[in-house]
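These notes concern the structure reproduced below.
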């Protein structure tokens with residue numbers, strides 16, 4: 001949150017609401033991305049077979065949606081804004097924080113699930 005303008009302009013209630021709203025939205029996006037990947041690329045033998053393929057597609061879907069959502073909500077709707085301290089990738093004008101979030105967290109989650117499954 002400190003990388004977004006709301007951190008300076010919003011009330012504590014606004015910040016808490018945004019954190020809950022955005023976290024809930026991210027969970028729904030992640031579940032939707034996984035569901036789409038499973039429907040189109042999963043098999044009846046998943047996760048034993050095709051795990052990496054479904055994981056990669058799921059992460060890619062979430063990442064592409066994140067890029068679209070950042071563009072839509074920053075450039076078009078202007079529903080949120082980055083602070084000057086947010087590192088922005090110039091060509092795509094997306095913040096480094098949301099980009100990292102949609103690569104690192106899903107990859108770590110899939111890795112953790114895979115490790116847990118292999119220990120069984």
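The values are calculated or read from the model by the stated rules, or taken from the named source; none is laboratory data. These numbers were taken from a predicted model, which means no experiment stands behind them. Positions of Cβ are backbone-derived with ideal geometry, glycine not excepted, and every protein chain shown enters the neighbour counts.
The numbered conditions (1) modelled with pLDDT of 95 or more; (2) surrounded by fewer than 16 Cβ atoms within 10 Å (Cβ to Cβ) are all true for residue 58 except (2).
For residue 40, the requirement of being surrounded by fewer than 17 Cβ atoms within 10 Å (Cβ to Cβ), within 28 Å of residue 113 (Cα to Cα) and either in contact with a strand residue (DSSP E or B) (Cβ under 9 Å, 6 or more places away or on another chain) or modelled with pLDDT of 95 or more (or both) is met. Only a single item in (1) out of contact with any strand residue (DSSP E or B) (no Cβ under 6 Å at 6 or more places or on another chain); (2) assigned to a loop (DSSP other than H, G, I, E, B); (3) within 23 Å of residue 14 (Cα to Cα) is not met by residue 86, and it is number (1).
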